[in-house]
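The values are calculated or read from the model by the stated rules, or taken from the named source; none is laboratory data. Predicted model only: the values in this text are computed from it and were never measured. Backbone-built Cβ (ideal geometry, glycine too); neighbour counts: all protein chains shown.
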Amino acid sequence: MNSETLVVDPATSATHNYKLLIGCIVPRPIAFVSTISSNGAYNLAPFSFFNAVCSEPPLITFATGHRVPPKDTLANARATGEFVVNIVSEEIAEKMNLCSGEYPGGVSEFEISGLTPVASDLVRAPRVLESRINMECRVLQILDLSTRPMGGSLVIGEVLRFHLDAAIVTNLRIDPEKLRAVGRMGANEYTRTRDRFQMIRPQV
């Protein structure tokens, strides 16, 4: 236990808040979100404010920062009501990072990264062929929570279909050793998911 405690008032600085949030909440899973615009342009971007919500129905959520004009991912999800979340493994981590740049609207990150768009079954947004897990989603709700400079919107989607590389699945359990997912830390750091340990939940 540290003998000294640093206390930070969130009202002081949104930038400080951001640094603290991405440093405290670690590791964060990465939603590699593929969308399609109303005129058929593909977009691909990573978001580390991402998680599951519930399993009946299967709902997942990711948050995108406030921009004017809005980021293509948010604009496309709002316009089409669909998106795909692709899970990032070590094999495609560098290509995912290429997609995180602030490119002009309408630029396809598939072309920039060299990743391959492949048709989904139930939504128009493409899947990432090189990703070992894809989740086709329908937008359930978009909550515009803050329009301040570092505000954001929360996108909640219902998973309509899972696509899983059979090589990483046994009895519908995903083998993390084979998936080799990566997570987001603070600043420019990422983490691998190779160092794991088990704890059994108490039977109460």
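Numbers for the structure displayed
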| quantity | calculated |
| --- | --- |
| Looking only at segment 62-72, and only at residues there that are under 21 Å from PRO29 (Cβ atoms) and surrounded by fewer than 22 Cβ atoms within 10 Å (Cβ to Cβ), the one that is modelled with the highest pLDDT | ALA63 |
| Residues that are among the hydroxyl-bearing types (Ser, Thr, Tyr) and closer than 25 Å to SER89 by Cβ, drawn from segment 17-54 | SER34, THR35, TYR42, SER48 |
| Single residue of THR116, THR12 found to be exposed (fewer than 15 other Cβ atoms within 10 Å of the Cβ), within 30 Å of PRO176 (Cβ to Cβ) and either in contact with a Cys (Cβ under 8 Å, 6 or more places away or on another chain) or among the polar types (S, T, N, Q) (or both) | THR116 |
| Residue match in segment 142-158 (condition: exposed (fewer than 11 other Cβ atoms within 10 Å of the Cβ), aliphatic (A, V, I, L, M) and either over 16 Å from the mean Cα position of the chain (by Cα) or over 20 Å from LEU44 (Cα atoms) (or both)) | no |
| Close pairs (6 angstrom Cβ cut-off, 6 or more residues apart or separate chains): in a strand (DSSP E or B) in segment 49-63, small (Gly, Ala, Ser) and at pLDDT 95 or above anywhere | PHE50/ALA31; ILE60/ALA52; ILE60/GLY157; PHE62/ALA31; ALA63/GLY152 |
| Within segment 80-113, considering residues that are of a type in the set (D, E, K, R) and modelled with pLDDT of 95 or more, the one surrounded by the fewest Cβ atoms within 10 Å (Cβ to Cβ) | GLU94 |
